[in-house]
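Report on the structure given below.
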Amino acid sequence: MRGVNVMLAHDFYPESHQGGVGIIQNGLRVATNGDLRLEPAPGQWQPVPKVGERQVNREKQEISVRMSYPDPDKNRKGFNPIEYPDLNFSYTLKVIPQGKSFKIIVDLDEPLPKEWVGKVGMNIELFPGILFGKSYYMDDTFGIFNRQANGPGFYEEGDFRLETMATGNELVIVPEDEKQTLKIENLKNNDLQLLDGRAIHSNGWFIVRSLVPAGATKNAIEWLITPNAVEGYTYSPVVQVSQVGYHPNQQKIAVIETDINDTDVQQVKLLRINNEGGTTDVLSQQPILWGDFLRYKYYQLDFSEVSDPGMYQVHYGDYTTEPFQISADVFKRNVWQPTLEYFLPVQMCHMLVNDRYKIWHGRCHLDDARMAPKDFNHFDGYMQGSEKFSKYQPGEHVPGINFGGWHDAGDFDLRVESQASTIQGLSHIYELFNVEYDNTRINQETKTVDILQPDGKADILQQIEHGALSIVGGYKSLGRFYRGIIVPTLDQYILLGDPVNHSDGIPFNQTNGNEDIPIGVPGAPDDRWVFTENNPGREVNTAAALAATARALKEFNPSLAKDCLRIAKEIWDITEPENPLQKVELAVELLQTTRDKKYADYLIEHTIQISENIERTGWIVGRAFPFIKNDQFKTKIRAAVKSYLVEVQNLEKKTPYGLPYEPDIWGAGWGIQNFGVEQYFLHTGYPDIFPKDYMLHAMNFILGVHPGVNTSSFASGVGSRSLTQAYGINRGDYSYTPGGIGSGTALIRPDFPELLEWPFLWQQTEYVLGGGTTDYLFLILAADRLLSED
C-alpha cells in the first residue's frame, strides 16, 4: 500500500541483512531477513536456507517461497563456505495481506527433530541506526533501544548471549513516531522475543524471534505485522548535486527526485551565497521532467550556463542542498588529496602509521607469512588446492613478504588483484597527470609513516613502491604471484581496531614451535597464511600492473622497476590464458614500456577478437595507437569504437544520471568509477568519437549525484556532505578514514536505492583498495585536466 512495501525473497544476501521478508515503511527500510534461522542472532558465516522460486498466487492473495536447510551451494564449499550442522528440513514461507496488516506464516514439511526444538526460530531483523533512543512496548513492559549492547548475559552452548530485552505476545516499535510505528503480534502460543543481536556480532541488528514449537508443521509460525502507513504518504523531494561543486566549463545538472505520486511541481532555484550573508536567486524556473526511474519521478535543473565563481545552493520545495562551489580550482584541493594523504597511508601494511596525536595502527604482520594448508577452503574465499605451487611446505614460513602492500578494506588481507590494480592505477595517474604532491613521510627502513609530514619525495611514487615491494617480494620467494595473504582464524579476521594485535610479529618456528599455543599468546601460530593458485588470467593482469609500474618507478627506484619489468616479461613468455583477450592489456603495457614490436604484433594478430569485444578492449588499446604502425588495425578498431558509442549513448538514457545504475549486491560506486576511467581513455584515445561527458557523469555520481535520500559523497571527508560512518578499519568507532571511497548506494530489490549511515554494511559503505581508490583519484585529476584545458 502507499507508504509500505513488503518484499519476500527479492534480495538474496541475508549474510549482510538483505533477504527473506523485508519491510520498507514510509521511505525507510525498517526490517529485513524475516526467515527461519538456526541461531537467535546469526552472523555472517552461519547457515542460511536454500531459497526457492517465489510464487505469487493472486487468487489466494498469497506470496510464498520454498526454503530448505542446508544450502548445498554453500555447505562447506564455494566462496565464504558455511559449515552446516547435520539437519535437513524444508518449509514454505508465506506472506498474506490482511487489511492494513500482513501475516507471515511458516509451514514445515515435517516436525523438527527433537534435538532441534528450542533452537530453530522465526527471526526478523530491525535496523538499529533508526532505533537508538526510541521506545518499544512488549505487552505491558517497555524500554528504549540502547546505542550499545548491554548486559546481563549468559553462555548458551559456548556462545555468549544477552538476556532478552523483552518477551511477550505483542511488540510495538517506536509508538511515538507515526512514520516508524510497527506492531508485531504472535498469533500462536510461542512467545515473541526482542533480542539485541550485537551480543556476539558488532554488526548485528535488533531481532524479533519466535521458536518453532515441537511437533508443529502447518502454521508452525503465524505472525501478524502492522507497519503504520502515513495516510497519503509522499516521499519528500531530494535534490542531488555534487557535494564538491563544478568547474565553470562543466555541464551542471541538479537531479530532483520526487515521489511517483507527487504532482505538486514547484519552481527550482539556484541560489548564490553572498559573502556578507544571505543568498541571491540566480535562476528560478520550472524543472524539466526527466521521467520515471526505480520508484521515483525525476526532474532536472540544467544550470551549465552559470560560471561565475562562488558558493551556491539549489532549492526546491522544502529542500535546500548543502553549499557547493563553482570555481576553476574546484578539483585542485581537498578533493583527491585526502585519498593520497590519509586513506592510502592508513591502509599500508607492515608499517606504523602516525597522524599527529594519533596512531592509526602499529607495525603489523611482521611475521608474514606461512604457507597455507593444502586442500583448504578459507572462510573468506581463498582456496588452496592439492598443489602448493611453491617449494614451501604447508605451515612453513615464506620469507620476503613481510613488507609492502595495503590492507584490503577492513579485512586486513592482501589480495594480489587489489595490490596490482592499485599500483597500476597509481602508475597511470603519475604518468598522465605528473602528481608530485608530497605531504607524507614514508620510511621503508624503519617501517614508519607520518601523515601530514612531507619528506621531499612524491607520495604517489612512494605508494607505488610500497605496493610493488609486496608483489615482487612474493614472486621472488614463491616463484609465482601469491593469491592472497590473510589471517588463519575467524577470531583474528573479525578484529576491529589495530591490526598489530593480529599476531605477535615473530615468525612461527615450525621446528620447535607449539601449534597448540592459543592465538594472542607469544609463540602462537598466529602468522598469516599465504595462498597460491594457478590462474593465468590473474597472472597476466598482475603482470600488466608491473609493466606499468616499471615506467613509473624507472627513476625513483631503478632496481625495483627492473624487477617489475623482468617479471612482467617472464609472465608474458610463460603464460597462455585460454582467452587471448586476457593478454591484451599486458601487451599494451609492455608495448608502452619497452616499445618492442612483438607486443604490437600480438595486438594486430588479434584485431578481430579485440574489435568484436570493443566494450572490454577499446579503452585499453587506444593507448597503444601511437606505437602501432598498421592502418588496417586502427581503422578496424575505430569502426568498432564508433559502434560502441551508440551502446553507451543508449546506456546514458536509462537513468537521469547519464550513466547506467545496475548494482548487483554491492553498491554501484566502484563499477561506475571504473566506467568513468574507461570513458576517459576512450575520450583521449578517440577524441573525435567519444566525448568526455560520460567520465564527468561518473565523477558526479560519486560526489553526490546519485539516487536516494542520502546524497553524501562516497568519498569520506570530501565535500559538504560525505560518508562519515563507513566500513573501514575504525568502523567499530562509528567513524571514517578521510579519502576512503565507499561502495556506494545499493539497490534493495526490486526498486529501493539505499545508502545507510551505518558502518557495518559492507555492500554500501566498505572502503576497498584497487579500483575503488585509484579510479576515484584518476577521475578527479582527469576532470581537472580536461576542464582546465577547455
Practice problem: Please work out whether the range 33-188 counts as rounded, prolate or oblate from its C-alpha gyration tensor, where a ≥ b ≥ c are the square roots of the eigenvalues and a/c under 1.5 means rounded, while otherwise a/b larger than b/c means prolate and anything else oblate? | Solution: oblate
Practice problem: State, to one decimal in nm², a quarter of the convex hull surface area for the C-alpha atoms of the range 13-81, i.e. the direction-averaged projected area. | Solution: 5.9
Quiz item: In the chain, carbon and sulfur make up what percent of the accessible area (probe 1.4 Å)?
Solution: 47
Quiz item: Taking Cα pairs under 8 Å and at least six residues apart, what relative contact order does the chain come out at, in percent?
Solution: 10
Quiz item: Full extension from LYS374 to THR635: what is 0.36 nm times the residue separation minus their Cα-Cα distance, to one decimal in nm?
Solution: 89.0 nm
Quiz item: If we count every other residue with Cβ under 13 angstrom of ARG616's Cβ, Lys/Arg +1 and Asp/Glu -1, where does the sum land?
Solution: -4
Quiz item: Going toward the positive end of the dipole of the chain, with +1 on Lys and Arg Cβ and -1 on Asp and Glu Cβ, which of GLN266, THR279, LEU696 do you reach last?
Solution: LEU696
Practice problem: Starting from the Cα gyration tensor of the range 127-195, take the square roots of the eigenvalues, sort them a ≥ b ≥ c, and report rounded, prolate or oblate (rounded when a/c is under 1.5, otherwise prolate if a/b is larger than b/c, else oblate). | Solution: oblate
Quiz item: So, counting K/R as plus one and D/E as minus one, what does the shell of residues with Cβ under 15 Å around PHE760 add up to?
Solution: -4
Quiz item: For ILE451, what charge total do you get from the other residues with a beta carbon under 14 Å from its beta carbon, if Lys and Arg give +1 and Asp and Glu give -1?
Solution: -3
Quiz item: Here are some pairs, LYS77/LYS188; LYS183/LYS654; LYS74/LYS114; LYS636/LYS692; LYS183/LYS218; LYS476/LYS692; which of them have Cα atoms lying more than 30 Å apart in this structure?
Solution: LYS77/LYS188; LYS183/LYS654; LYS476/LYS692
Quiz prompt | For a label point 7 Å along the Cα-to-beta-carbon line of ASP664, residues of the range 45-89 with backbone N under 14 Å | solution = 79-80
Quiz item: What nm value, rounded to one decimal, do you get for the distance between PHE160 and LYS654 when each label is placed 7 Å out toward the C-beta?
Solution: 4.6
Self-check item: Accessible heavy-atom area order of LYS134, LYS562, highest first, probe of 1.4 Å
Solution: LYS562, LYS134
Practice problem: Determine the gain in length on full extension of the stretch ILE574-LYS642; use 0.36 nm per residue of separation and subtract their C-alpha separation, reporting nm with one decimal. | Solution: 21.0 nm
Quiz item: Using the heavy atoms of the protein chains alone and a 1.4 angstrom probe, what is the accessible area of the chain per residue in square angstrom?
Solution: 39
Quiz prompt | From the coordinates shown, log10 I(q)/I(0) by the Debye sum over Cα atoms at q = 0.07, 0.10, 0.11 Å⁻¹ corresponds to which of (i) -0.71, -1.30, -1.43; (ii) -0.57, -1.16, -1.36; (iii) -0.71, -1.14, -1.26 | solution = (ii)
Quiz item: What is the gain in length, in nm to one decimal, between GLU178 and LYS391 on full extension, counting 0.36 nm per residue of separation less the C-alpha to C-alpha distance?
Solution: 70.1 nm
Quiz item: Based on the Cβ-Cβ distance of THR511 and LYS562, what FRET efficiency does E = 1/(1 + (r/R0)^6) give at R0 = 51 Å, to the nearest 0.05?
Solution: 0.90
Quiz prompt | Estimated inter-spin distance, ARG147 and ASN613, nm [label 7 Å along Cα→Cβ] | solution = 5.2
Practice problem: Hand me the chymotrypsin sites (Phe, Trp or Tyr not before Pro) from the range 701-790 located in a DSSP loop with no more than 15 other Cβ atoms within 10 Å, in residue order please. | Solution: TYR734
Self-check item: LEU432/ASN189 FRET efficiency (R0 45 Å; Cβ-Cβ; nearest 0.05)
Solution: 0.05
Practice problem: Evaluate E = 1/(1 + (r/R0)^6) for ARG595 and SER236, where r is the Cβ-Cβ distance and R0 equals 56 Å; express this FRET efficiency to the nearest 0.05. | Solution: 0.45
Quiz item: Which stretch or stretches of the range 641-663 have amide N atoms under 13 Å from the point lying 7 Å from ILE288's Cα along the Cα→Cβ direction?
Solution: 656-658
Exercise. Order these peptides, 685-694, 270-279, 193-202, by their mean beta-carbon neighbour count within 10 angstrom, highest first.
Key: 193-202, 685-694, 270-279
Exercise. Output the peptides 8-14, 170-176 sorted from most to least packed, where packing is the average of other Cβ atoms within 10 Å over each peptide's residues.
Key: 8-14, 170-176
Quiz item: So, in nm, how far is label ASN443 from label GLU305 when the simple model puts each one 7 Å beyond its Cα toward the Cβ?
Solution: 5.9
Quiz item: For the range 669-745, what class follows from the C-alpha gyration tensor (a ≥ b ≥ c being the square roots of its eigenvalues): rounded when a/c is under 1.5, otherwise prolate if a/b is larger than b/c, else oblate?
Solution: prolate
Quiz item: Tell me, what ³J(HN,Hα) does each residue in the range 606-618 have, in order and in whole Hz, if you take phi through Karplus 6.51 cos²θ - 1.76 cosθ + 1.60 with θ = phi - 60° and put x for Gly and Pro?
Solution: 10, 4, 5, 4, 5, 5, 6, 10, 5, 5, 9, 10, x
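The values are calculated or read from the model by the stated rules, or taken from the named source; none is laboratory data. What you are looking at is a predicted structure, and each value in this text was computed from that prediction instead of being measured. Cβ: placed from backbone, ideal geometry, glycine included. Neighbour counts: every protein chain shown. Just so you know, the surface numbers come from the protein's heavy atoms only, side chains and all, with ligands and any DNA or RNA stripped out. Shrake-Rupley method; radii C 1.70, N 1.55, O 1.52, S 1.80 Å.
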